[in-house]
Amino acid sequence: MIFEVIQHYFTEPVTRHEILRDKDRIVAEVKVGDCTYFLIGEKQPASFIENVIKLTIIMSKAGMPFIVPEKTMKGNRYVEHGDLLFILEKKGDGEEVKRLRLSHIREIGKLLGKQHAISSTTDFRFGVGTSWGMFGGNETDALGDYDENELNYLDFVQTIEEQGMFSKELTTVKELYQSRRSQLKEVWNSLPIGPVQGDFCPYNLLFQRDKISAVFDYFIAGDEVLINECIGVAVFLAWHYDFEGNETPVERYEAYIDAYTLERPLSDREMEMIPHLLAIIRAFRYDRIEQGIDKIKQGDGKAFIDETIMLLQG
């Protein structure tokens with residue numbers, strides 16, 4: 001399959017290839033001549049792939065280091081093979097950062113702010129949401145319907161109810177969470193939205209001398225409330241990603257927000273929503289909830305529940 005798809009792009013032979021992923025989607029590293037590429041095959045509608053390509057071109061033309069899919073010899077930017085659609089990305093220059101420094105966090109904040117500033121000025125839309133989305137209803141797992149934050153909250157509630165303990169604390173969590181969600185929901189559709197890459201995190205970025213040199217992986221791209229993605233990425237970088245330095249998580253968060261807002265100043269309404277987003281995203285990130293549920297089931301969840309209340313109180 002790899003060789004059949006690559007023939008659409010090159011007459012030269014593939015000198016090396018390695019399958020990096022073959023579940024859900026295909027990702028292969030392919031070398032042709034002196035260049036290395038990533039061939040990515042997904043079960044996606046052609047309209048989505050075409051929109052991904054549009055996004056990369058918009059961002060690249062605006063000076064963002066987005067990797068634009070290569071053209072085939074016939075001038076197309078994707079190839080249909082079986083039930084998969086393939087794009088080919090040339091490997092970018094730079095290295096993935098496994099442990100962040102404050103300079104990396106600032107750079108990610110800056111470039112995400114720039115991406116969002118560009119997104120807010122274009123009429124282009126995907127017509128589907130991202131995995132950051134909220135208030136989709138969770139009727140399906142499709143992006144736009146899927147609301148991971150609410151699902152994590154419901155898993156938390158169900159676990160405590162099944163244990164038959166901490167009823168007073170659970171009531172407090174419900175009241176705090178529902179209050180913050182209701183205030184967000186009231187203004188959600190009026191907040192700035194735009195097309196985004198959807199996963200602007202270190203594992204999808206390459207760095208050269210602390211500067212982002214390449215952005216890749218667009219398969220959860222979509223339309224997102226910009227401040228929602230901004231705060232979601234901030235929480236991940238400041239509190240959950242490996243860090244090398246003496247700065248506290250709060251200092252990392254503040255450095256990120258400062259860098260972001262230099263590129264895209266926030267509206268008054270967005271500023272008002274930050275405390276609510278910060279509270280529920282920090283409290284109900286999936287990795288935190290997974291660990292907390294294990295503690296609750298083991299009968300050692302009191303400290304975790306108290307911390308959840310503290311996070312929701314802000």
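Given a 1.4 Å probe and every protein chain left where it sits, what share in percent of the accessible area of the chain is carbon and sulfur?
Taking all protein chains in place, the chain shows 46 percent carbon and sulfur surface.
Under unit Cβ charges (Lys, Arg +1; Asp, Glu -1), what dipole magnitude, rounded to 20 debye, does region 178-254 have relative to its Cα centre?
The dipole magnitude comes to about 200 debye.
May I have the pair-distance distribution P(r) for region 157-231, computed from all Cα-Cα distances with 10 Å bins from 0 and rounded to whole percent?
Result returned by the calculation: 15, 27, 23, 24, 10, 1.
What value, in deg cm²/dmol to 500, does the helix sum -39500 (n - 2.57) over DSSP H runs of n ≥ 4 give at 222 nm once divided by the residues of the chain?
-14500 deg cm²/dmol
So, with +1 on the Cβ of K and R and -1 on the Cβ of D and E, and no other charges, what is the size of the charge dipole of the chain about its Cα centre, to the nearest 20 debye?
680 debye
Placing +1 at every Lys and Arg Cβ and -1 at every Asp and Glu Cβ, with all other atoms neutral, what dipole size does region 5-158 have around its Cα centre, in debye to the nearest 20?
800 debye
Using +1 at the C-beta of Lys and Arg and -1 at the C-beta of Asp and Glu, which of 235, 191, 111 has the Cα lying farthest in the positive direction of the dipole of the chain?
With unit charges placed on the Cβ atoms, the residue in question is 111.
Among 250, 129, 94, whose Cα sits farthest toward the positive end of the charge dipole of the chain (+1 at Cβ of Lys/Arg, -1 at Cβ of Asp/Glu, about the Cα centre)?
Toward the positive end, the furthest listed residue is 94.
How large are Rg and Dmax for the chain when only the alpha carbon atoms are used, in Å?
Here Rg and the maximum Cα pair distance are 21.1, 69 Å.
Give me the percent of DSSP beta bridges within the chain that run antiparallel, rounded to the nearest 5.
Of the beta bridges lying entirely in the chain, close to 95 percent run antiparallel.
Rolling a 1.4 angstrom probe over the protein heavy atoms, how many square angstrom per residue are accessible across the chain?
49 Å²
Mind pulling up the Rg/Rh value for region 2-156? Radius of gyration and Kirkwood radius, both on Cα.
1.00
Rounded to a whole number, what is D in µm²/s for region 259-314 from Stokes-Einstein with the Kirkwood radius over alpha-carbon pairs (25 °C, 0.890 mPa s)?
After rounding, the answer is 190 µm²/s.
The values are calculated or read from the model by the stated rules, or taken from the named source; none is laboratory data. Just so it is clear, the structure is predicted and the values come from calculations on it, not from any experiment. Ideal geometry is used to build each Cβ from the backbone, glycine not excepted, and the neighbour counts take in all protein chains shown. Just the protein is used for accessible areas: all its heavy atoms, side chains included, with ligands, DNA and RNA removed. Shrake-Rupley method; radii C 1.70, N 1.55, O 1.52, S 1.80 Å.
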